[in-house]
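The next block holds one structure in the form of C-alpha cells; read it before the comments.
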Amino acid sequence: METNRQKKIGSVLQKDLVDILQGEIRKNNLSNLIISVSKVSVTTDLGVARVYLSVFPTDRANEILEAVKSNAPLIKHDLSQRVKLQLRKVPNLTFFIDDTLDYLEKIDNALAGKENPIERPELLEKRKKA
C-alpha cells in the first residue's frame, strides 16, 4: 500500500518526466511518436521509482525503451534540476513498458467475439505448443 507521500512524489515525478520526454521528442524532431508516462510508483524508502511508459506506435516500444534506459542518467539529471526545491534526493529511475492498453484490447476483442477463444482454442497462449 502506497503512502500519501509516495503518491505525491510519484505524481510530481510523473508530471516532470512527461515534460522531459516530450521535450526530447520535440527537440529531436521525431515524428509519429508518442510517449506518455502512465504511472510512477516509488518504493517505501523513496530510493527507486518505477516509471511505466506507454509508447505509440507499439511496434517501436522496445526500441524506445532501450533508448530511454540508455539515457536514464541524463533524464535523472534533468529531473533533479526540476524537483530540486521539492526533493532532497531524486530516486533512481527504472523504466518499463506499460502494456495494459494492449491487454485491454485483447479482452475487448474476445468479448466482442472477434477472437473467441472457445471457437478458436489456438488463440489461447497456454494451449500453444512450443
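The values are calculated or read from the model by the stated rules, or taken from the named source; none is laboratory data. This structure is a prediction, so every number in the text was calculated from the model and none was measured. Backbone-built Cβ (ideal geometry, glycine too); neighbour counts: all protein chains shown. Remember, those area values only see protein heavy atoms, side chains included, never the ligands or the DNA or RNA. Shrake-Rupley method; radii C 1.70, N 1.55, O 1.52, S 1.80 Å.
Points worth noting:
- Considering residues of segment 41-69 that are hydroxyl-bearing (Ser, Thr, Tyr) and not in a helix (DSSP H, G or I) only, the residue modelled with the lowest pLDDT: 54
- Scanning segment 70-95 for residues that are exposed (fewer than 11 other Cβ atoms within 10 Å of the Cβ), of a type outside the set (D, E, K, R) and not in a helix (DSSP H, G or I) yields a total of 1.
- Pairs meeting the criteria (first residue in segment 100-113 and over 16 Å from residue 61 (Cβ atoms) and open to solvent by less than 100 Å² (accessible area, probe 1.4 Å), second residue modelled with pLDDT under 80 and of a type outside the set (Phe, Trp, Tyr), beta carbons under 6 Å, at least 6 apart or on different chains) are 109/115.
- Test: residue in segment 54-73 that is among the aromatic types (Phe, Trp, Tyr), without any contact (Cβ under 8 Å) to a residue 24 or more places away in the chain and closer than 26 Å to residue 104 by Cβ: yes
- Checking the stated criteria, residue 114 turns out to be outside any helix (DSSP H, G or I) and modelled with pLDDT under 80.
- All positions within segment 1-40 that are part of a strand (DSSP E or B), open to solvent by less than 20 Å² (accessible area, probe 1.4 Å) and over 23 Å from residue 88 (Cα atoms): 35
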